[in-house]
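Undergrad: First the structure, which I've put down as structure tokens, then a few questions once you've had a look.
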Amino acid sequence: MYMDAKESSEDYLEAILIIGKEKRFVRNIDIAKHLDFSKPSVTIALKKLKDRMLIDIDGDNLITLTPEGRKIAENTYKRHRGITEVLIALGVDKRTAEKDACRIEHVISDETFRAISEHAQKMLTKVKKEG
């Protein structure tokens, strides 16, 4: 499947964020395993993210997000989690919901994401009141 540069960058940044929450250090190999990409592909992508000042790579090859990279990663992760939760609530199985959310998170507008989130929140509040 073809990924555009924006989608690919967001996936890498999101992966760095997630791995960073699980481990103390993020390395190239961790990202390759997380995304199921080859290490050389990850190296090329990381160089591009570094050139765009979205990540830093120190002398020990440890990867961290810059403030701008973290902002993008957190926004992407928020969308991913929110869309996944909505899809699961609609009856989609977890694995499919995760895969679909990963694709949707990159193309949905802020306005549509906000509307879906607000609607889902209203529905959850209603269910809790009725339950």
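Undergrad: Amide H neighbours of I55 under 5 Å, at least 5 residues apart or on other chains, H built in the peptide plane: list them.
TA: So I55 has HN proximity to K50, T66.
Undergrad: Let me see the P(r) profile for region 5-70: every Cα-Cα distance counted, bins of 10 Å, each bin given as a percent of all pairs.
TA: 22, 66, 12
Undergrad: Sequence gap at least 6, Cα distance under 8 Å: using those rules, report the relative contact order of the chain to the nearest whole percent.
TA: Once normalised by length, the contact order is 22 percent.
Undergrad: In straight Cα distance, which lysines are under 28 Å from K129, not counting same-chain residues fewer than 8 positions off?
TA: K129 reaches K78, K94.
Undergrad: Nearest 10 degrees, 0 to 90: what angle lies between the long axis of helix 67-89 and the longest principal axis of the chain (Cα atoms)?
TA: 40
Quick note: the coordinates plus some simple rules give every number you see, no bench work behind them. Just so it is clear, the structure is predicted and the values come from calculations on it, not from any experiment.
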